[in-house]
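Since the structure comes first, as C-alpha cells, the remarks are kept for the end.
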Amino acid sequence: MRNRVGRAARDVLGATTMLAAAVGFSAIAHADTPVAAGISIFATVDVGLAYQSQGVPLNGASVGGLEYQAFTTTRNFTGPQTTLAENAIEQSKIGLALSEKLGDSGFAVVGRMETAFNPLSGELSDACKSLAENSGVGTPANPQGQNANFDSSRCGQAINGVLYGGIASNAYGTLIVGRLLSPVQTALATYDPQTVGPAFSFFGYSGFEAGAGSTQATRLDNSVQYSVTAGDVHASALYSVGGRDTGVLGKTVFADVGVAHGGLQIDALYAKVDGAVNLRSSFDNGPAPTTGSPPAGLAAFVSDNISYNVMGKYTLALPGKSKLAFYAGYTHLQKAHGDYNGGAAQGAYPISVGININQAAKYNVLWLGARWTDPQGLSVSAGLYHIHQAAWTIGLGPGGTDNLDCSAAGLLCAGNFSEASLVVDKPVIRHVDIYAGVNYSVVTDGLAWGFADNQGGAGNGTQGSQNQVTLTTGIRVKF
C-alpha cells in the first residue's frame, strides 16, 4: 500500500509540473478584470490529477467531480482510483461583480453573480443530477457502476452560486438581497486553514457545517442580509423566507458578530434553518426518479436545524515578512423533525419524503490548523477536522413516530468522522499557481455503515470503519 501511494504521488506531481510549464507563458487577465464602469469579471479554473486509495470515478455533473472524502451521501467506494481531477483546491467558477459609487453620497450600488462548473466536462455543477444519474445503479453490497454523487446546494441552476444586488456605505453598512451564501460559509473562508478547498477541507467538500447540518442550506434563495463594521467589531444578520422549490422549505435566520484586532480574529455565529431538505443515498431511489409524470422524486427527509459556532484565527508576523496563522473552531448543531411532507430540492428537483426525524440528531464539530505563507505567496497549510454524531431515531413517512434506532436504521447510528490534510501551494506566474496535497479521512461506527465492505458491521450498524487516502496535485488559474 505504501509503495503504491508513493508511486502515485510521484506520477501526479510530475504530470502537474509538465502541465504548469505548458501553460506558464500563456496570457492571463488581471484579477477582477474591469469590463464596464463599475463592473468586473472574475473566474477560477482548477484542474489536476488524483490518486485515491478508495473511491469512485469522476462524474461530470457532481460538485467537485470526485468524492474526495469518506463523508459521503452514498456509501459507494469501489476501489483505488487514479484519475484526472478538478476543483481540488477551489471550485471552478465564473462571475461578475458590481461596485459603482452614487456620486458623492457615500453610498455605492453593489452586486455579484457567480456560477460553478466542472472544467473537465463543461457542465454546471449539479449534485442533484449526479444522484439521479446513479439511481438504480449497483447495490450497497456491490456498487460497481456508480460514479461520484452526493448532496449539495449547487443543483444545475443557471446561477448556482450567489446572485445579489444592494447598496453599501462605509458609515451605514451593506444591505443585499437575492440568492445569498450562508454567513457560516463566509466565515469559514477566514477560519478554515485549508480555505474550504474541496479535496483538503471537510468544509469545502461538504456544506454540512455551513447549512447547520444540511448542505442544501449553504446557499439560500429569497434572502436579505445586512452587515456593518464599526472599528474592530463587525456584525451581520441574514433572513430568508425559503420556498417550496428552493431546498429550504421554511424560514432561515443567521446572525454573526466578530472582532478583529491586531493578529487576532474571532467570530460567533448562530443559525436556525427550518425545513432544510436532506437528500439521501442514490441507493434509496428507484431508477430515473426525476422522470415520469409525476416524477417519483429524489429520496429525502426534511429537518429543522440549529447551530452555534465559534471560530478563531491568530496571525504571527515572522522575520522576512513571512506569516504563520493558527486556526481553531467549534460547532454544536442539532437536526430535529421538520413538519413537511413534500417540496423540492435546490434546482427545483422533486423530492420524496420517505422518513422523518423522531429523536433529534446532535453533532459536535471541531477543527484545528495552521498556515505558513512567505512574501512570494508560497504557502504550506495543515488541517485537522473531527465530527461526532450522537445516536438518533427516525419514523417512517413524513410524520411517522416509529422511533427506529440503530438496530433498524443503520446509517443513523452514532459515529465519528476524522480528517487530516496537508497542502503546498506555489504561485508560478501572476494568476497561476500549482499545488499538491494529501488528505486522510476515516468514518467509524454508525457513520461507516453501508459501505460495501461494512454492510452492518456487527449486524446492527454500530461497528466498522472506512478510510480513504487522497493525493491530489493540480494547477489553478484565477483572473
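Quick notes on this one:
- In the condition set (1) touching a Ser or Thr at 6+ places or on another chain (Cβ under 7 Å); (2) hydroxyl-bearing (Ser, Thr, Tyr); (3) closer than 17 Å to GLU209 by Cβ, SER281 is compliant with all but (3).
- Odd one out for VAL277, checked against (1) within 23 Å of SER169 (Cα to Cα); (2) hydrophobic (A, V, I, L, M, F, W, C); (3) surrounded by 22 or more Cβ atoms within 10 Å (Cβ to Cβ): (1)
- Count - residues of the stretch 364-419 that are polar (S, T, N, Q) and either touching a Ser or Thr at 6+ places or on another chain (Cβ under 9 Å) or in contact (Cβ under 8 Å) with a residue 60 or more places away in the chain (or both): 8
- Strands (runs of 3 or more DSSP E) fully within the stretch 363-479 counting 2 or more residues that are over 19 Å from the mean Cα position of the chain (by Cα), basic (Lys, Arg) and modelled with pLDDT of 95 or more: none
- Within the stretch 1-120, strands (runs of 3 or more DSSP E) holding 1 or more residues that are modelled with pLDDT of 90 or more: 39-55, 79-86, 93-101, 107-118
- Under the condition of being free of Cβ contacts under 8 Å to residues at least 40 places away in the same chain and among the polar types (S, T, N, Q), the residues counted in the stretch 223-262 number 1.
- Answer from GLY178, GLY211, GLY204 - the residue that is in contact with a strand residue (DSSP E or B) (Cβ under 9 Å, 6 or more places away or on another chain) and either aliphatic (A, V, I, L, M) or not in a strand (DSSP E or B) (or both): GLY211
- Qualifying residue in the stretch 287-299 (condition: at pLDDT 95 or above, within 19 Å of the chain's Cα centre (by Cα) and not basic (Lys, Arg)): no
- Within the stretch 261-315, tally of residues that are over 13 Å from ALA345 (Cβ atoms), of a type outside the set (Val, Ile, Thr) and part of a strand (DSSP E or B): 21
- Residues of the stretch 327-354 that are in a strand (DSSP E or B) and either surrounded by fewer than 21 Cβ atoms within 10 Å (Cβ to Cβ) or of a type in the set (A, V, I, L, M) (or both): ALA328, TYR330, HIS332, LEU333, GLN334, ALA336, HIS337, ALA344, PRO350, ILE351, SER352, VAL353.
- Answer residue from the stretch 108-136, given it is within 16 Å of the chain's Cα centre (by Cα), polar (S, T, N, Q) and surrounded by 22 or more Cβ atoms within 10 Å (Cβ to Cβ) and is farthest from GLN216 (Cα to Cα) among those: ASN118
- THR331 of a type in the set (S, T, N, Q), more than 21 Å from the chain's Cα centre (by Cα) and within 25 Å of TYR385 (Cβ to Cβ): no
The values are calculated or read from the model by the stated rules, or taken from the named source; none is laboratory data. All values reported here derive from a predicted model rather than from experimental measurement. All Cβ positions, glycine included, derive from the backbone under ideal geometry; neighbour counts span all protein chains shown.
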